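The values are calculated or read from the model by the stated rules, or taken from the named source; none is laboratory data. None of these values were measured; they are calculated from a predicted model. Note that we place each Cβ from the backbone using ideal geometry, even for glycine, and neighbour counts take in every protein chain shown.
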Amino acid sequence: MFGWFNKLTDYVKEKKGRRRIENLVIILIVGIIIIIVASSFTGSGKNKKNTQQTKNEVTIVSGVIEDRIEKLEQRLESILSEIEGAGTVKVMITGITDGEVVHAYNQVEENSIREEKDNTDHSARTDEYRREHEMVFIETSTGERMPVIIKSYEPEIKGVVVVADGAGSGTVRQNIKDAVEALTGLPPHRINVLKRK
């Protein structure tokens, strides 16, 4: 397996004195260059493998991203209208943000180091770094391309106004306020419950 190495050592043994040392230095430099080049190839292979693993771990979410605040309003209306004495309920939520989604990306990184030597023993080293960043898409059953979502953040809520038929009663108003506080995590001063006309 290491026949070439044995031949090299035999050749070096044949040379004497200064010539022998020069040959050893050259062999050492060539060996270092081979190690650097080989490590850059294996390093980029690892990065590609990690990218593939990330892609496989991504949970695919398809469908249209709805207005999250509007969806939350509908859910609150549904649950609050079930409170005894509340009657018909309308909810309006004001948000600081509408929420956020994080899309999946394929990322490839390559790093290569090239070292060149001229006849005057001057060396030049070149480092090259390349990075690709591409959004991942899936194709739906209708043939539409949708981006893959890996994380989703809920909107940050500023305040809630609830208008209900039964809000004239202090007990019903307090029950609605408590329910909104529990469901949204908002403090009571950011929740307003009013009677419907």
(message) Looking at Met135, Met146, can you tell me which residue is in contact with a strand residue (DSSP E or B) (Cβ under 9 Å, 6 or more places away or on another chain), within 23 Å of Glu100 (Cα to Cα) and surrounded by 15 or more Cβ atoms within 10 Å (Cβ to Cβ)?
(response) Met146
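When the stretch 77-109 is examined, which residues are found to be part of a loop (DSSP other than H, G, I, E, B) and either more than 19 Å from Lys195 (Cβ to Cβ) or modelled with pLDDT under 90 (or both)? Can you show your working first?
Filtering the stretch 77-109 for residues part of a loop (DSSP other than H, G, I, E, B) gives 81-88, 96-99, 104.
Scanning the stretch 77-109 gives Ile96, Thr97, Asp98, Gly99, Ala104.
Report yes if Glu128 is free of Cβ contacts under 8 Å to residues at least 24 places away in the same chain, in a strand (DSSP E or B) and of a type in the set (D, E, K, R), otherwise no. Break it down into steps so the answer makes sense when it comes.
Details: free of Cβ contacts under 8 Å to residues at least 24 places away in the same chain: yes; in a strand (DSSP E or B): yes; of a type in the set (D, E, K, R): yes.
For Glu128, the condition - free of Cβ contacts under 8 Å to residues at least 24 places away in the same chain, in a strand (DSSP E or B) and of a type in the set (D, E, K, R) - is met.
To keep it simple, each residue is scored yes or no on (1) touching a strand residue (DSSP E or B) at 6+ places or on another chain (Cβ under 6 Å); (2) assigned by TED's automatic domain parsing to the domain that holds Gly85; (3) loosely packed, with under 15 Cβ neighbours inside 10 Å.
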| residue | (1), (2), (3) |
| --- | --- |
| Asp118 | no, no, yes |
| Val163 | yes, yes, no |
| Ala179 | no, yes, no |
| Thr184 | yes, yes, no |
| Pro187 | no, yes, yes |
(message) I'd like to know if the stretch 68-76 contains one or more residues that are within 29 Å of Val193 (Cβ to Cβ), at pLDDT below 80 and either basic (Lys, Arg) or assigned by TED's automatic domain parsing to the domain that holds Leu186 (or both).
(response) yes
(message) I want to confirm something. Restricting to the stretch 170-197 and keeping residues that are at pLDDT 90 or above and of a type in the set (S, T, N, Q), which single residue is nearest to the chain's Cα centre (by Cα)?
(response) Asn192
(message) Any residue that is touching a Gly at 6+ places or on another chain (Cβ under 9 Å) and at pLDDT below 80 - is there at least one of those in the stretch 55-63?
(response) no
